[in-house]
Amino acid sequence: MNIVNIAIKEIKRDFRDVRTLIFMLAFPIVLMLILGTALSNAFDSTISVEDIHVLYKDKTAGEFSTYVRTFIKEAKKSDIHFKKASHHMDGRREVKQGNYDGYMEIDNQGVQLYTNNSNSVKGSIIQGMVAAFADKYNMVAAVAQVKPNQVHMLMNNGHRDDYIQETSLHSKRQPGAMDYYAITMTTMIALYGAVSASYLIRGERTRKTADRLLAAPIHKSEIFIGKILGSMVTNFLCVAIIIVFSKFVFKAYWGNHLALVYLVVFTEVLFAVSFGLGISYIARTEGAAKMIVMVVIQLASFFGGAYFKIEATSTIARLITNLSPLTWANTAITKMIYANDLSASFPAILLNVGLSALFLLIAGMSLTRREGL
Amino acid sequence: MNILEIKNVTKKFGDFIAVDNMSLTVAEGEIFGFLGANGAGKSTTINMISGLLRPNAGEIKILGKDIGKHSHFAKRNIGIVPQDIAIYEDLTAYENVKFFAGLYGLRGSQLHERVEEALQFVGLSDKQKSYPKNFSGGMKRRLNIACAIAHRPKLIIMDEPTVGIDPQSRNYILASVKKLNEMGCTIIYTSHYMEEVEEICTRIAIIDHGKIIAEGTKEQLEAIITNTKDVWIGVKSMDNMDINKLKAISGVKAVQCEENMVKISSDIGVNNLNRIIQCLMNDGVEIRSLEEKSPNLETVFLTLTGRNLRD
């Protein structure tokens with residue numbers, strides 16, 4: 001009962017602290033609005049590709065030639081235009097000079113393709129399309145050398161016009177700017193819970209209420225648990241409000257596994273509170289504790305992609321990025337929302353809970369050794 | 001019955017001995033004054049009684065039970081009014097008292113009644129929904145007391161409860177202390193204001209360098225340093241005055257004359273002032289002023305510790 005009393009007292013006090021409440025609620029919502037609106041283009045995954053022009057030399061004859069013509073006809077439907085190269089033209093040079101997007105040389109032995117690397121999207125499209133054509137063509141060419149009478153049957157067997165297959169590299173839905181910042185701002189503000197937690201017990205000492213608490217017939221552990229519980233409820237409620245607000249006001253997409261998303265965020269709040277509390281016992285002064293917590297939060301926010309996506313290319317950058325608690329949470333939530341990968345939540349939950357246990361252990365041991373709080 | 005027994009208690013902080021083999025008893029119904037300069041060991045002693053600090057040696061008993069073994073029993077019977085105001089500025093007066101009283105196991109209607117009772121006792125009933133951040137220093141001090149008494153403790157420890165407040169609030173608090181005592185509470189009272197201790201305390205202990213150096217009623221303490229009291233009488237002229245007649249008055253030990261002032265030293269406890277005045281008037285000596293000087297607590301403290309209480 002004492003634990004509940006202390007927790008309720010904490011919650012009441014936290015919700016009456018207007019400045020902190022504004023920071024915890026308004027700050028992420030305003031940032032979400034600004035970044036989500038300003039950077040909306042950066043999250044657009046649509047790429048416009050103009051018509052593609054391919055130069056080709058057809059040295060085939062008979063059945064093969066017909067097959068090539070059919071292929072070129074089909075390709076035109078997809079705005080890929082093939083132009084026959086004259087004998088004196090150097091197709092490779094034409095591509096190199098940027099006059100064409102690709103050069104294809106076909107003879108009875110097979111297909112050779114040259115594309116310009118300066119436009120990888122067009123090059124990839126041509127490659128993909130020609131690869132589908134070449135697979136069969138090369139097979140038929142090989143058969144023709146051994147059993148020429150089988151060529152006609154092979155050519156007509158399984159007529160295809162699906163040389164360009166739409167294969168999505170991404171899942172059906174991708175996060176827009178608002179979706180992205182809804183996640184990152186939520187997880188970032190959850191981590192900010194560490195700031196108030198660093199003052200959780202120390203505040204009682206500064207306010208001199210610690211002595212009055214300790215003079216009451218209750219255990220230190222009840223004070224400890226009650227205060228942590230209260231702080232967690234407050235921080236989690238703030239985060240929950242932000243999720244609801246972003247979902248219904250900003251129309252941010254939170255997927256179909258909201259309960260699991262809340263669970264990940266809850267464990268992050270647990271981590272934040274435990275981290276702040278642990279640091280308050282490790283650091284000698286209130287100022288030092290606050291500084292350590294703030295520096296960690298800022299770095300974690302930056303490398304965790306709270307303000308913009310971090311594309312970590314080097315090993316060190318990847319290591320630093322992966323050390324951010326925001327990376328764990330953001331990755332887990334994003335995978336849950338956009339890839340239905342529920343198992344992605346486990347590493348984040350385990351890391352959060354494990355590190356929380358470590359920091360709580362440090363705080364608990366320090367508390368046991370002290371005569372006061 | 002003794003509500004508090006301290007036996008051979010020592011408390012060290014590193015090499016520093018804050019309380020040195022202290023023994024002390026406080027009986028039920030007393031208002032026990034605890035005097036000591038800053039750093040004398042007063043707060044350490046109070047913190048050990050409250051269960052905030054553990055003694056390195058010795059034992060402390062509340063109502064006959066060792067606080068080390070029965071800490072919850074002891075704490076339930078103690079109310080502490082700390083020197084620093086220990087309240088939450090962002091909880092209302094009612095919520096503050098309710099929260100702390102709730103930690104003593106009070107629930108429901110009983111809790112509500114006790115909270116109202118405590119707030120009424122300190123005169124804050126009409127401010128129960130107000131936040132302490134809007135209170136004056138005196139009101140905060142009173143709320144500080146309310147938080148300590150709502151659970152009706154048998155022993156109330158008041159550590160400098162009148163620091164930094166206006167005379168009106170001070171009088172209110174002193175009257176409250178007496179009233180609490182009349183209601184059956186035992187009070188341990190510390191203050192830098194000697195006159196407060198003289199006014200309300202039934203017994204006083206003086207602590208210095210972690211040791212009790214004197215203990216007793218105000219009169220007993222005064223008697224430690226002297227057995228005489230002095231009367232200073234200002235006269236218009238000493239021409240007709242007969243010093244021998246004055247010396248013959250019962251209890252008078254010495255008579256000294258300096259300009260127009262006569263200093264008459266008598267045994268403490270002898271009430272001979274009327275006879276001295278009568279004697280002078282019979283001789284036709286015109287009395288212009290009269291001042292009785294007996295050693296007060298301040299003098300006692302200064303004599304015993306060699307420093308002022310506010311040092």
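Here are a few things to note about the model shown:
- Where A:MET1 falls short, out of the listed (1) exposed (fewer than 15 other Cβ atoms within 10 Å of the Cβ); (2) aliphatic (A, V, I, L, M); (3) away from chain B (no Cβ under 14 Å): (3)
- Output for the range A:55-108, where each listed residue is hydroxyl-bearing (Ser, Thr, Tyr) and surrounded by 13 or more Cβ atoms within 10 Å (Cβ to Cβ): A:TYR56, A:THR60, A:SER65, A:THR66, A:TYR67, A:THR70, A:SER78, A:TYR100, A:TYR103
- Those residues of the range A:222-259 which are open to solvent by less than 60 Å² (accessible area, probe 1.4 Å), in a helix (DSSP H, G or I) and over 22 Å from A:PHE23 (Cβ atoms), in sequence order: A:GLU222, A:ILE223, A:PHE224, A:GLY226, A:LEU258
- Unique match (being modelled with pLDDT under 95 and assigned by TED's automatic domain parsing to the domain that holds B:ARG141) among B:ILE87, B:ILE78, B:ILE67, B:ILE31: B:ILE67
- Looking only at the range B:73-82, and only at residues there that are at the interface with chain A (Cβ under 9 Å from one of its Cβ atoms) and more than 13 Å from B:CYS147 (Cα to Cα), the one that is least open to solvent (accessible area, probe 1.4 Å): B:ALA74
- Residue list for the range B:43-60, restricted to those being open to solvent by 40 Å² or more (accessible area, probe 1.4 Å), in a loop (DSSP other than H, G, I, E, B) and either touching a Lys or Arg at 6+ places or on another chain (Cβ under 7 Å) or more than 15 Å from B:PHE13 (Cβ to Cβ) (or both): B:PRO55, B:ASN56
- A:LYS335 part of a helix (DSSP H, G or I), in the same structural domain as A:ILE225 (by TED's automatic domain parsing) and out of contact with any helix residue (DSSP H, G or I) (no Cβ under 6 Å at 6 or more places or on another chain): no
Yes/no matrix, rows are residues, columns are (1) hydrophobic (A, V, I, L, M, F, W, C); (2) modelled with pLDDT of 80 or more; (3) closer than 24 Å to A:LYS247 by Cα:
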residue: A:VAL4; (1), (2), (3): yes, yes, no
residue: A:LYS9; (1), (2), (3): no, yes, no
residue: A:MET24; (1), (2), (3): yes, yes, yes
residue: A:LEU31; (1), (2), (3): yes, yes, yes
residue: A:LEU35; (1), (2), (3): yes, yes, yes
residue: A:LEU39; (1), (2), (3): yes, yes, yes
residue: A:LYS59; (1), (2), (3): no, yes, no
residue: A:THR66; (1), (2), (3): no, no, no
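- When the range B:95-109 is filtered for residues that are within 14 Å of chain A (Cβ to nearest Cβ) and part of a helix (DSSP H, G or I), the ones remaining, listed by number, are B:GLU95, B:ASN96, B:VAL97, B:LYS98, B:PHE99, B:PHE100, B:ALA101, B:GLY102, B:GLY108.
- For the range B:124-164, taking the residues that are part of a loop (DSSP other than H, G, I, E, B) and β-branched (Val, Ile, Thr), the one that is nearest to the chain's Cα centre (by Cα) is identified as B:THR162.
- Pairing each residue of the range B:172-198 that is under 14 Å from B:ALA148 (Cβ atoms) and open to solvent by 10 Å² or more (accessible area, probe 1.4 Å) with any residue that is among the aliphatic types (A, V, I, L, M) and part of a strand (DSSP E or B), provided the two are 6+ apart or on different chains, yields C-beta distances under 7 Å for B:CYS185/B:ILE156.
- Condition met for B:GLU199 (in a helix (DSSP H, G or I) and in contact with a Ser or Thr (Cβ under 9 Å, 6 or more places away or on another chain)): no
- Some residue of the range B:29-40 being assigned to a loop (DSSP other than H, G, I, E, B), closer than 20 Å to B:VAL177 by Cβ and open to solvent by less than 30 Å² (accessible area, probe 1.4 Å): yes
Residue-by-condition table, conditions (1) in contact with a helix residue (DSSP H, G or I) (Cβ under 7 Å, 6 or more places away or on another chain); (2) within 27 Å of B:ALA175 (Cα to Cα); (3) within 13 Å of chain A (Cβ to nearest Cβ):
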{"site": "B:PHE13", "(1), (2), (3)": "no, no, yes"}
{"site": "B:ILE17", "(1), (2), (3)": "no, no, no"}
{"site": "B:SER23", "(1), (2), (3)": "no, no, no"}
{"site": "B:VAL26", "(1), (2), (3)": "no, yes, no"}
{"site": "B:GLY33", "(1), (2), (3)": "yes, yes, no"}
{"site": "B:GLY39", "(1), (2), (3)": "no, no, no"}
{"site": "B:LYS42", "(1), (2), (3)": "no, yes, no"}
{"site": "B:ASN56", "(1), (2), (3)": "no, no, yes"}
{"site": "B:ILE62", "(1), (2), (3)": "yes, yes, yes"}
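- Qualifying positions in the range A:306-327 - within 21 Å of A:LEU260 (Cα to Cα), touching a residue at least 40 places away in the same chain (Cβ under 8 Å) and within 12 Å of the chain's Cα centre (by Cα): A:ALA306, A:LEU326
- A count restricted to the range A:181-214 and to residues that are surrounded by fewer than 22 Cβ atoms within 10 Å (Cβ to Cβ), in contact (Cβ under 8 Å) with a residue 12 or more places away in the chain and among the small types (Gly, Ala, Ser) stands at 1.
- Against the list (1) within 14 Å of chain A (Cβ to nearest Cβ); (2) open to solvent by 60 Å² or more (accessible area, probe 1.4 Å); (3) closer than 18 Å to B:GLY79 by Cα, the condition B:LEU143 fails is (2).
The values are calculated or read from the model by the stated rules, or taken from the named source; none is laboratory data. These numbers were taken from a predicted model, which means no experiment stands behind them. Positions of Cβ are generated from backbone atoms using ideal geometry, with glycine treated the same way; all protein chains shown enter the neighbour counts. Ligands, DNA and RNA are excluded from the accessible area calculation, which covers all protein heavy atoms including side chains. Shrake-Rupley method; radii C 1.70, N 1.55, O 1.52, S 1.80 Å.
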